[in-house]
Amino acid sequence: MRSSLALSPSLVLAAALAASAPLHAQESTTRGLNVGVHISGQSITPENADQSNAGGGGIFIGYGFNRNFQLFLQFDGGEFDVQNAAVEGHWSMGHGDLGVRFHFANSLRSWVPYLQAALSGRAVNVSNGALNQVTQSEDITLSGVAFTLGGGILFYFNETLAADLQLALSGGRFTDVKVGSVTYNNRQFDASSARFNIGISWWP
């Protein structure tokens with residue numbers, strides 16, 4: 001009886017240490033609310049036109065339901081000088097992504113790769129642009145839907161703060177073209193775009 005009583009505190013201490021060890025060793029989290037900001041290198045390749053490159057930036061808002069799956073919204077903007085396309089000029093373009101991300105998560109590791117897919121809305125405003133090589137006195141706007149695939153890697157400074165490197169590739173069509181107050185629907189203006197983002201991601 002005495003020996004079992006003497007061993008009990010030791011067993012309790014060992015159990016406590018075993019339970020606390022994984023908590024102290026945890027290097028990263030992907031659960032719960034996640035917010036981020038980033039700078040961006042972007043490109044756009046309209047149908048039958050050359051690729052145009054630009055800089056930009058964006059924000060990220062996500063929620064991790066478990067260690068692996070996260071639902072997210074991402075918004076990016078960039079400025080492009082587009083030539084030799086059906087719509088030429090200075091493009092101000094925005095992406096809005098609604099998607100799902102899969103983290104290859106391991107809480108004992110300080111880096112986490114991921115893949116993601118999203119349905120994206122793209123909108124463009126062209127100031128004093130040319131439509132089919134005819135210069136317009138009014139602004140031209142383009143809008144449409146794209147599908148986006150991407151991936152990246154998170155490098156954690158601590159359990160809840162990480163650097164985020166991300167590549168996103170989008171393909172789709174601009175289906176609505178507006179010149180001044182006149183809108184042309186059901187257009188078929190293909191364009192592919194790419195974004196390489198470098199930012200900070202935080203789990204508050």
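The values are calculated or read from the model by the stated rules, or taken from the named source; none is laboratory data. Quick caveat, the model's predicted, so the values are computed rather than measured. Here the Cβ is made from the backbone with ideal geometry for all residues, glycine too, and neighbour counts use every protein chain on show. In case anyone asks, the SASA skips ligands and DNA or RNA and just uses the protein heavy atoms, side chains included. Shrake-Rupley method; radii C 1.70, N 1.55, O 1.52, S 1.80 Å.
Helical content of the chain, expressed as a calculated mean residue ellipticity at 222 nm, amounts to -4000 deg cm²/dmol (DSSP H runs of 4 or more residues, -39,500 (n - 2.57) each, divided by residue number, nearest 500). Simple spin-label estimate for Ile153 and Ser127 gives 4.0 nm between the two label positions (7 Å along the Cα-to-Cβ direction from each Cα). Based on protein heavy atoms only, region 86-204 ends up with 48 Å² per residue of surface accessible to a 1.4 Å probe.
For region 120-161, the share of accessible area belonging to carbon and sulfur comes to 56 percent (1.4 Å probe, ligands and nucleic acids excluded).
When each of the peptides 153-159, 55-61 is scored by the mean number of other C-beta atoms lying within 10 Å of its residues, the order from highest to lowest reads 55-61, 153-159. The stretch between Val134 and Trp111 holds 3.2 nm of extra length on full extension. This uses 0.36 nm per residue minus the Cα-Cα distance. Enclosing the Cα atoms of the chain in their convex hull gives a volume equal to 111 cubic angstrom per residue.
If a/c stays under 1.5 just call it rounded; otherwise compare a/b with b/c (prolate if a/b is bigger, oblate if not). Do that for region 104-151, with a ≥ b ≥ c from the square roots of the Cα gyration tensor eigenvalues. Because a/c hits 1.5 or more and a/b exceeds b/c, region 104-151 counts as prolate.
Using 0.36 nm per residue, how much length does the chain from Asp190 to Ile39 gain when fully extended, once their Cα-Cα distance is taken away?
The Asp190-Ile39 span can extend by a further 51.8 nm.
Taking 20 Å as the cut-off, the amide N atoms of region 49-85 that come nearer than this to a point 7 Å along the Cα-to-beta-carbon line of Ala163 belong to 56-60. Placing a label point 7 Å from the Cα of Ser181 along the Cα-to-Cβ direction, the residues of region 109-145 with a backbone N closer than 15 Å are 138-139.
One chain, two ends: Val100 and Trp202. Fully extended at 0.36 nm per residue, the span grows by 35.0 nm beyond their Cα-Cα distance.
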